[in-house]
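Structure first, then comments.
The values are calculated or read from the model by the stated rules, or taken from the named source; none is laboratory data. Everything quoted here is computed from the prediction, not taken from an experiment. Please note: Cβ atoms are built from the backbone with ideal geometry, for glycine as well, and neighbour counts cover all protein chains shown. Side chains are part of the model used for accessible areas, which takes the heavy atoms of the whole protein and leaves out ligands, DNA and RNA. Shrake-Rupley method; radii C 1.70, N 1.55, O 1.52, S 1.80 Å.
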Amino acid sequence: MDTLVVGGMSDVPKTLRWIVEPRAVDMPPKYFVAAHQHPWGQLLFAVEGLICVKTEAGTFLVPPQQAVWVPPYTDHEVSTLSGAKFRSLYIDKYWSEKLSRPTGVIHVAALLREIILAIINIPVKGKPSSIIKHLWLVLFDSLKSAETVPLNLPVPQDTRLTKLVNSLLQQPTDNQSLEAWGIQLGASARTIRRIFVKQTQMSFSEWKQRLKVLKAIELLISGMTVTEVAFELQYESSAAFINMFKRQMGVSPKNYLLSLK
């Protein structure tokens, strides 16, 4: 993250005046907000571009039509590689807890998208009208029923694997064997495999596949072609990359991008 521009959080309120308060930021490329938390929930949404949210639970990518829900008192950092139109809603602690949602990516259906954008454009001053309160109720109902999307990367909490995970996050194409990693970490390949399954509910190979998918989405949204992404992630051919992407996401890279428009 040392190449990223650090974004300030000075405009984040110390308290909320309303139950739901909007925030809109157009992030430049390489924008970065250091880890922080607040006593309310936050719905992070990208109108355009790709946002990356990191918490103790893992790394979450937010392409258009998706959002990340972050519960109260959850440490999180936010960044974007190529820039993004970032919109978020701060939600009062009481109502956030009533949602009973863990940190995660949710699908933003058409109705939820329009509600988010409508609330974003409401100035927070005076007392909220009955219409605004009705919008909030529809927002809460929509968030409760919103579908979870597998665009997260669980991170094992075992301190021995911190070096391995951080290295792969920076270089997803690193093909160093688990045996070689084991020598550096002081743990056998078998132990590393066991920890990954226990703490992420994914095998190490599945974890690396998910990492490559998330990196591929980031590169595709930044403007790279499918062929360029396949080359960047060191696949033997575009076809091999497309097949991997389809297995993970259920659609081809091209159709996935079309779904975000």
Exercise. Only residues that are among the small types (Gly, Ala, Ser) and modelled with pLDDT of 90 or more: list them for the stretch 217-233, please.
Key: 230
Exercise. Please work out which residue is farthest from residue 110 (Cα to Cα), limiting yourself to the stretch 67-77 and to residues that are of a type in the set (Val, Ile, Thr) and open to solvent by less than 10 Å² (accessible area, probe 1.4 Å).
Key: 70
Quiz item: Looking at the stretch 81-98, which of its residues are surrounded by fewer than 22 Cβ atoms within 10 Å (Cβ to Cβ) and more than 17 Å from the chain's Cα centre (by Cα)?
Solution: 92, 93, 94, 95, 97, 98
Quiz prompt | Verdict on residue 206 being among the charged types (D, E, K, R), in a loop (DSSP other than H, G, I, E, B) and surrounded by fewer than 18 Cβ atoms within 10 Å (Cβ to Cβ) | solution = no
Exercise. Output yes when any residue across the stretch 138-154 is among the basic types (Lys, Arg), under 17 Å from the mean Cα position of the chain (by Cα) and at pLDDT 90 or above, and no when none is.
Key: no
Practice problem: Sort through 114, 147 and tell me the only one that's in contact (Cβ under 8 Å) with a residue 40 or more places away in the chain and open to solvent by 90 Å² or more (accessible area, probe 1.4 Å). | Solution: 147
Quiz item: Within the stretch 22-66, which residues are among the acidic types (Asp, Glu) and either assigned to a loop (DSSP other than H, G, I, E, B) or surrounded by 21 or more Cβ atoms within 10 Å (Cβ to Cβ) (or both)?
Solution: 56
Practice problem: Scan (1) closer than 20 Å to residue 147 by Cα; (2) under 9 Å from the mean Cα position of the chain (by Cα); (3) not acidic (Asp, Glu) for the single condition residue 78 breaks and write down its number. | Solution: (1)
Quiz prompt | Tally of residues being touching a strand residue (DSSP E or B) at 6+ places or on another chain (Cβ under 8 Å) and at pLDDT 90 or above across the stretch 36-52 | solution = 9
Self-check item: Residues that are surrounded by 15 or more Cβ atoms within 10 Å (Cβ to Cβ) and part of a helix (DSSP H, G or I), drawn from the stretch 162-192
Solution: 164, 165, 168, 169, 178, 181, 182, 185, 189, 191, 192
Practice problem: May I ask you to list the residues in the stretch 143-160 that are outside any strand (DSSP E or B) and either polar (S, T, N, Q) or over 24 Å from residue 112 (Cα atoms) (or both)? | Solution: 145, 155, 156, 157, 158, 159, 160
